[in-house]
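**Q** Okay, here's the structure, questions in a sec.
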Amino acid sequence: MKLNLTQKIILSHLLKKDRFLPSPLQPIKIKVDQTLTQDATGTMVYLQYESIVKERKDKKIKVSLAVSYVDHNTLQPSFENSDDHRYLQTVAEKYGIIFSAAGNGICHQLHLENFAKPKQVLLGSDSHTPTSSAVGMLAIGVGGLEVACALAGEPFSLRMPYVFNIILKNKLKKYVSAKDIILYLLKKFTVRGGINKIFEYTGDAIKTLSVYDRATITNMGTELGLTSSIFPSDEITRQFFKFQNRIKDFVYFYADDGCRYDDKYEIDLSEISPMVACPHSPDNVVSVEELEGLEVSQVCIGSCTNSSLKDMIFFAKMLENKKVNPNVSVVVYPGSRQVILVLEQLGLLKNFYNSGVRVMEPVCGACIGQGQAPQSGGISVRTFNRNFEGRSGTKDAKVYLTSVEVATACAIFGKFVHPEKLGEYPKIKLPKKNKFKPNFIYPPKDSKNIKIFFGPNIKPLPEFSRLEKNLSLYVIKKLPDNISTDDILPAGTKILSLRSNISAISEYMFFNKYPELTSEIKTLKKENRNFILIAGENYGQGSSREHAAIVQRYNNIRIVLAKSFSRIHKNNLINFGVIPLEFIDEKDYEILSEKEEIIIEDIISQLQARQQIVIIKIKNNNILKTKFSLTDEEIKILLFGGKLNFVKSML
C-alpha cells in the first residue's frame, strides 16, 4: 500500500491495529509520543491531570516526552502569574515533565528547535502546535483536557482527516516569503476551509524553503481550521537538525511515490506577490499594492509565526545604518534566547538598538494582548497569525498581518509600500555551529519529596453534573459567523491572570464583544436558568483555549446551536458537557430569537438514537429539527457531563 506522510504516521500510531487505512471522518484513536503546554493553558491541564491520576500509585506521565513552557503570562503585575509559574514548575518536577521558564522563548519555536521529531505525534494545548509539523511530525493543537488525558496514558480520539496535497512549484520572487504562501492559501480556502483536513506539502519548490519557512506555513495553517499541516523530513530538515546539534533525532521521511490524496491543489510560487491580511480576519487578504501609501502607527515583528532566526536576521540586516520612521512604534519579539545569542554573535543585535527598535523578551507578548496595545484607532502592522477585533488590546485599532519583509518596509517608510523599495535583498547566512544550550529544567529522578505549590488564586476544578433528561433553555444570545475564542473569552493581562480560577474568569465571558451579557447571565443564574446560544458559521475559531468552553458550561450554557463549528472548540465544548447542535437548514437560524424559551424533551434518548437528530420545541409549540455529528464516545462524554467524569469512570 502506497501511503502519504499523514497516513504513515496515523497507521503506525493507531491504537487498534488494522490492515486497512481509516476512511475520512472515521473515528480513530492514536497513541501520543509528546505533549506540550504553555502557561495560559497549562495550569488547567495539570489540575485535570492530577484529578485523573489521583487514585493511582504511579502518577508519572505516560508519554515519552512532555514539556511545560512559560511564554504567555510572563507579565507579573500581581501575584497570580508568579504563583501559576511556581505551580507549573513543581508539578513538572513531581510528575516527570521538562520545564521551560519565562524568558527561554516561545513554546513553538523552542519545541521546533529542541524536541520535534519526524514520524512522531505531538499534542499541544495551544492551537499553533502544528508548527512542529515542519519537520515531518504530526503535531496537533487540542484543548487542555486532551493533553491531560494523553499524559495519563489515554489515546487521542479524532476523526480521520481528509489529506489534501498542496503542490508547490518554482521559486518565490525576492521579497516574497513563506508568510505570503499561507496568506495566499487563506485567501483561497478561507478560515473555515480546512476543517477536518490536513495539508501535506510536496513539489520541487519545497527544496527552496527552509525549516523556518515551513514552520511559518504549518503554524498559520491553524487559521485555515486545519487539523494539522505537514512537510517531509528531507535534506533541508537534516541541515536544521545538524545546526541544532540534534542529528541523532533526524530521519528521512517521505510520502510514497504514487500515493493517493483526497484532493490536490497546485501553487506556482513565482506568481505570488507580497500579501496582507486586512482587519479583522486572517483570510481578508489583498496584495500590498492595494494598500500602497496607507500610513501605519505601529509595527510588531515576531510571535510564534515569524520570530525565527531567519526572520530576525533579515530584519536586523535591513536596519543597518537606518532609523525606523519617527511616527511608528516598532517592537520586535525574537523567538528564543538562541535567536538573540546568534544575532549577537553575528553583530546584528546592535542594528535593532541603533535603529530605534524596542527589543522585547522572547515571549508571546503583543500577539495575545500582553502589552503593546496600539494607539486609539491606530493601524498596526504585525507578523503575527491573528488579527481578530480587539485582540490587540485596543478595540478600535486595525491590525494588518504581513510578512517580515512587508513589516520591515512599513517600519522604515511609515506606510505600506512594496518591500522592493528596501533595496537589495540581504544574504542570510547562519553560523556553522550553534553553541547555545537552552536553560530547561529537567525533573529529578526521585520526586517523592517534591511538594506542589498552590497559590490562593489556583482553585479546584468545578464539578459538572451528568446530563439531565429534559432541558428548558433560554436563548441568551444570537451570534454572527466566525465568533472566535477571543470573542468568547478575551486574552489580555487582566483576564489571562485568572486562568486558574474558573469562577473568577467566567465573569469575563463575551466581556469585550457583549459586555452586558455577563450581568444578564449572573442575574438569571440565580434563578437556576439554563441557556442556549445560537451561532452562525465556524463558531469558536482561533485559539485552543478550553477556558472558552469551560466558562460557557460554568455559566449554565448547555447547548450551542450553530451553522457550523471550528474543530478544536467543538471538541472542547463536548469535553465540558456542552452539546454542539447544528442547523439542518441554515435558514432556520432566522426563525430563532433572543429571549425565547426552547424545550428539549428526553435529550438523552435523542442523543443515543441513531438518527443523529435532536427535535426541539420553540415558540407556539412549533418543532425544529437539528442535527449533530458525534461519535459514540462523544455521546457518552456528554451523558457523563464532560470528559473528566467519563475518563475517571473508565479508570
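**Q** How many residues does segment 282-311 contain that are in contact with a helix residue (DSSP H, G or I) (Cβ under 7 Å, 6 or more places away or on another chain), among the β-branched types (Val, Ile, Thr) and assigned to a strand (DSSP E or B)?
**A** The number of residues fulfilling the criteria is 3.
**Q** Restrict the check to segment 524-534 and report whether at least one residue is in a loop (DSSP other than H, G, I, E, B), in contact with a Lys or Arg (Cβ under 7 Å, 6 or more places away or on another chain) and not acidic (Asp, Glu). Outline the logic, then answer.
**A** From segment 524-534, those in a loop (DSSP other than H, G, I, E, B) are 526-529; that's our starting set.
Of the ones still in play, those that are also in contact with a Lys or Arg (Cβ under 7 Å, 6 or more places away or on another chain) are none.
Checked against the condition, which is being in a loop (DSSP other than H, G, I, E, B), in contact with a Lys or Arg (Cβ under 7 Å, 6 or more places away or on another chain) and not acidic (Asp, Glu), segment 524-534 yields no hits at all.
**Q** Something else about it: Which one of these is touching a His at 6+ places or on another chain (Cβ under 8 Å) and modelled with pLDDT of 95 or more: Glu266, Glu271, Glu292, Glu235?
**A** Selected residue: Glu292, the only one of Glu266, Glu271, Glu292, Glu235 that is touching a His at 6+ places or on another chain (Cβ under 8 Å) and modelled with pLDDT of 95 or more.
**Q** Among Pro362, Pro326, Pro374, which is the only one that is part of a loop (DSSP other than H, G, I, E, B) and in contact with a Pro (Cβ under 7 Å, 6 or more places away or on another chain)?
**A** Pro362
**Q** Also, I was wondering about something else. Kindly provide the set of residues from segment 535-556 that are within 17 Å of Glu594 (Cβ to Cβ) and surrounded by fewer than 24 Cβ atoms within 10 Å (Cβ to Cβ), ordered by number.
**A** The initial filter retains those residues of segment 535-556 that are within 17 Å of Glu594 (Cβ to Cβ), namely 535-536, 539, 552, 555-556.
Listed by number, the residues that qualify are Gly536, Asn555, Asn556.
**Q** Taking only pairs six or more apart or across chains, which ones have beta-carbon atoms under 7 Å, a first residue in segment 185-213 that is surrounded by fewer than 23 Cβ atoms within 10 Å (Cβ to Cβ), and a second residue that is β-branched (Val, Ile, Thr) and not in a helix (DSSP H, G or I)?
**A** Going by the 7 Å Cβ cut-off, the qualifying pairs are Lys187/Val285; Asn196/Thr227; Thr202/Ile167; Gly203/Ile167.
**Q** Within segment 577-587, is there a residue that is assigned by TED's automatic domain parsing to the domain that holds Ile635 and part of a helix (DSSP H, G or I)?
**A** The answer is yes; a qualifying residue exists.
**Q** Can I ask one more? Is it true that Gln606 is over 19 Å from Asn482 (Cα atoms), at pLDDT 95 or above and buried (at least 16 other Cβ atoms within 10 Å of the Cβ)?
**A** yes
**Q** Return the only residue of Arg545, Arg499, Arg567, Arg558 being within 24 Å of Asp588 (Cα to Cα), within 19 Å of the chain's Cα centre (by Cα), among the basic types (Lys, Arg) and not assigned by TED's automatic domain parsing to the domain that holds Val191.
**A** Being within 24 Å of Asp588 (Cα to Cα), within 19 Å of the chain's Cα centre (by Cα), among the basic types (Lys, Arg) and not assigned by TED's automatic domain parsing to the domain that holds Val191 holds for just one of Arg545, Arg499, Arg567, Arg558, which is Arg567.
**Q** Do any residues in segment 592-611 that are under 16 Å from Leu638 (Cβ atoms) have Cβ atoms under 6 Å from those of residues that are surrounded by 15 or more Cβ atoms within 10 Å (Cβ to Cβ), where the two are at least six apart or on different chains, and which pairs are they?
**A** Going by the 6 Å Cβ cut-off, the qualifying pairs are Ile600/Leu471; Ile600/Ile616; Ile603/Leu471; Gln606/Val614; Leu607/Ile635.
**Q** Also: Evaluate segment 431-448: report whether one residue or more is under 28 Å from Val342 (Cα atoms), at pLDDT below 90, over 22 Å from the mean Cα position of the chain (by Cα) and surrounded by 15 or more Cβ atoms within 10 Å (Cβ to Cβ).
**A** yes
**Q** Answer yes or no as to whether Phe388 is in a loop (DSSP other than H, G, I, E, B), within 17 Å of the chain's Cα centre (by Cα) and farther than 17 Å from Ser307 by Cα. Break it down into steps so the answer makes sense when it comes.
**A** Numbers: in a loop (DSSP other than H, G, I, E, B): yes; within 17 Å of the chain's Cα centre (by Cα): yes; farther than 17 Å from Ser307 by Cα: yes.
When the stated conditions are applied, Phe388 passes them.
**Q** Could you count how many residues in segment 65-103 are in a loop (DSSP other than H, G, I, E, B) and either buried (at least 24 other Cβ atoms within 10 Å of the Cβ) or free of Cβ contacts under 8 Å to residues at least 40 places away in the same chain (or both)?
**A** So in segment 65-103, the residues in a loop (DSSP other than H, G, I, E, B) come out as 70-78, 96-97, 101-103.
This time we only want the ones that are either buried (at least 24 other Cβ atoms within 10 Å of the Cβ) or free of Cβ contacts under 8 Å to residues at least 40 places away in the same chain (or both), so: 70-73, 76, 97.
Matching residues across segment 65-103 total 6.
**Q** Could I ask something else about it? Which residue out of Leu36, Leu65, Leu47 is farther than 17 Å from Lys494 by Cα and touching a His at 6+ places or on another chain (Cβ under 9 Å)?
**A** When all the criteria are applied, what remains is Leu36.
**Q** A further question on this structure: For the subset of segment 626-651 comprising residues that are assigned to a loop (DSSP other than H, G, I, E, B) and more than 24 Å from the chain's Cα centre (by Cα), which member is farthest from Pro462 (Cα to Cα)?
**A** Step one: list which residues in segment 626-651 are assigned to a loop (DSSP other than H, G, I, E, B), which gives 628-631, 641-642, 651.
After this cut, where a residue has to be more than 24 Å from the chain's Cα centre (by Cα) as well, the list is 628, 641, 651.
On the way: Phe628: 26, Gly641: 12, Leu651: 20 Å.
This residue is Phe628.
**Q** Inside segment 138-174, can you point out the residues that are in a loop (DSSP other than H, G, I, E, B) and either surrounded by fewer than 18 Cβ atoms within 10 Å (Cβ to Cβ) or among the polar types (S, T, N, Q) (or both)?
**A** The answer is Gly153, Pro155, Asn170, Lys171, Lys173, Lys174.
**Q** Confirm whether Lys636 is under 17 Å from Asn470 (Cα atoms), in the same structural domain as Arg529 (by TED's automatic domain parsing) and surrounded by fewer than 18 Cβ atoms within 10 Å (Cβ to Cβ).
**A** yes
The values are calculated or read from the model by the stated rules, or taken from the named source; none is laboratory data. Here the structure is a predicted model, which means the values were calculated and not measured. All Cβ positions, glycine included, derive from the backbone under ideal geometry; neighbour counts span all protein chains shown.
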